[in-house]
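One structure is given here, and the rest of the page talks about it.
The values are calculated or read from the model by the stated rules, or taken from the named source; none is laboratory data. All figures in this text were calculated on a predicted structure; none of them were measured in a lab. A quick note on method: Cβ atoms are made from the backbone with ideal geometry, for glycine too, and the neighbour counts reach across all protein chains shown.
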Amino acid sequence: MITENLEWVKSRLTEAAEKAGRSPESILLIAVSKTVPVEKIIEAREADAEIFGENRVQEALEKMDRLGQRVSHWHFIGHLQKNKVKQVVGRFDLIHSVDNVELAQIINDQSLKRSLTTSVLIQVNVSGEASKSGVAPDALEGTLQALSKMLAVRVEGLMTIPPYDPDPEKSRKVFSRLRELRDQMAGLGIEGIDLKELSMGMSNDFTVAIEEGATLVRVGSAIFGDRPAG
Ligand SMILES: *Cc1c(COP(=O)(O)O)cnc(C)c1O
């Protein structure tokens, strides 16, 4: 089932890229494996999924330990608490969800201590939903200015999560707004800030996100099936 699902997701990804006049290779698929047992991750890995996304630190580290060399690329996509930074630095290729300067500062301190550079995206709360984390669009420039001074944190782009809506077209304006914000911020030419990546799109709206410029799509249930509720 996972193999078929992955094939389906990849062909939709290719279709959406071609429709948008983009190269499918310019889009990375993150297989979101939160709540998914390691056996299924192995199955997805054998079906050629390369990057796995997790949103809980403890769960992710346990899976990494159990899977060892079988999986070499992990992304952290969930809300990151400051007291968990120590455990996260050095274990993930990319943290999608940096949403405040203080958190970035702690990531920077930990990275310096271990002589590492940590790649991050800034999560932006485009829609202004009170329940969502993320930097407000108005605060993005100041956040990027602050992070540009942190030598062990490398900002590679922006991430957003639109309000849930069963109609993927409803997410389009959130995605296009994130792209506009990126273009605007990139135009400022802030030293050391590279905004090439746009992490946007999940199972029900990744094709729309690709049409709007996503370079990283985070797809869980369309690959692994529905997660248990709650
Ligand atoms: C769970 C999750 C996803 C994947 O959601 P699906 O709808 O299962 O594809 C993507 N991004 C984040 C941040 C998530 O927490």
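Which members of segment 1-51 meet the condition of being assigned to a loop (DSSP other than H, G, I, E, B), within 20 Å of residue 157 (Cβ to Cβ) and polar (S, T, N, Q)?
Selection gives 23 alone.
Within segment 194-211, track down each residue that is closer than 18 Å to residue 164 by Cα and touching a strand residue (DSSP E or B) at 6+ places or on another chain (Cβ under 8 Å). Outline the logic, then answer.
Keep residues of segment 194-211 that are closer than 18 Å to residue 164 by Cα, which gives 199-210.
199, 200, 201, 202, 203, 206, 209, 210 - these are the residues of segment 194-211 that are closer than 18 Å to residue 164 by Cα and touching a strand residue (DSSP E or B) at 6+ places or on another chain (Cβ under 8 Å).
Scan segment 143-167 for residues that are part of a loop (DSSP other than H, G, I, E, B) and either of a type in the set (Lys, Arg) or crowded, with 22+ Cβ neighbours inside 10 Å (or both) and jot them down.
Step one: filter segment 143-167 for residues part of a loop (DSSP other than H, G, I, E, B), giving 148-152, 160-167.
Listed by number, the residues that qualify are 149, 160, 161, 162.
Condition test on residue 80, is it within 30 Å of residue 42 (Cβ to Cβ) and part of a loop (DSSP other than H, G, I, E, B)?
On the way: within 30 Å of residue 42 (Cβ to Cβ): yes; part of a loop (DSSP other than H, G, I, E, B): yes.
Yes: the conditions hold for residue 80.
For segment 32-71, name all the residues that are of a type in the set (Asp, Glu) and surrounded by fewer than 19 Cβ atoms within 10 Å (Cβ to Cβ).
So in segment 32-71, the residues of a type in the set (Asp, Glu) come out as 39, 43, 46, 48, 50, 54, 59, 62, 65.
Passing the criteria: 39, 43, 46, 48, 50, 59, 62, 65.
Any residue at all in segment 69-76 that's in a helix (DSSP H, G or I), at pLDDT 95 or above, among the aliphatic types (A, V, I, L, M) and more than 21 Å from residue 229 (Cβ to Cβ)? Break it down into steps so the answer makes sense when it comes.
From segment 69-76, those in a helix (DSSP H, G or I) are 69-70; that's our starting set.
From what is left, the residues that are at pLDDT 95 or above are 69-70.
From the residues that got through so far, the ones that are among the aliphatic types (A, V, I, L, M) too are none.
No, segment 69-76 has no match at all.
The rows are residues; the columns are (1) within 16 Å of residue 5 (Cβ to Cβ); (2) part of a loop (DSSP other than H, G, I, E, B); (3) away from the ligand (no atom under 13 Å from the Cβ).
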| residue | (1), (2), (3) |
| --- | --- |
| 190 | no, yes, yes |
| 195 | no, yes, yes |
| 198 | no, no, yes |
| 203 | yes, yes, no |
| 207 | yes, no, no |
| 210 | no, no, yes |
| 213 | no, yes, yes |
| 222 | yes, no, no |
| 226 | yes, yes, no |
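Which condition from (1) among the polar types (S, T, N, Q); (2) within 20 Å of residue 60 (Cα to Cα); (3) under 19 Å from the mean Cα position of the chain (by Cα) is the one that residue 110 breaks?
(3)
Mind listing whichever residues of segment 22-45 are in contact (Cβ under 8 Å) with a residue 24 or more places away in the chain and away from the ligand (no atom under 14 Å from the Cβ)? Break it down stepwise before answering.
Keep residues of segment 22-45 that are in contact (Cβ under 8 Å) with a residue 24 or more places away in the chain, which gives 22, 26-36, 38, 40-45.
Hits for segment 22-45 are 22, 26, 27, 38, 41, 42, 43, 45.
Taking residue 171 as the residue in question, decide whether it is outside any strand (DSSP E or B), buried (at least 22 other Cβ atoms within 10 Å of the Cβ) and within 15 Å of the ligand (Cβ to nearest atom). Working first, answer last.
Details: outside any strand (DSSP E or B): yes; buried (at least 22 other Cβ atoms within 10 Å of the Cβ): yes; within 15 Å of the ligand (Cβ to nearest atom): yes.
Judged against the criteria, residue 171 is a match.
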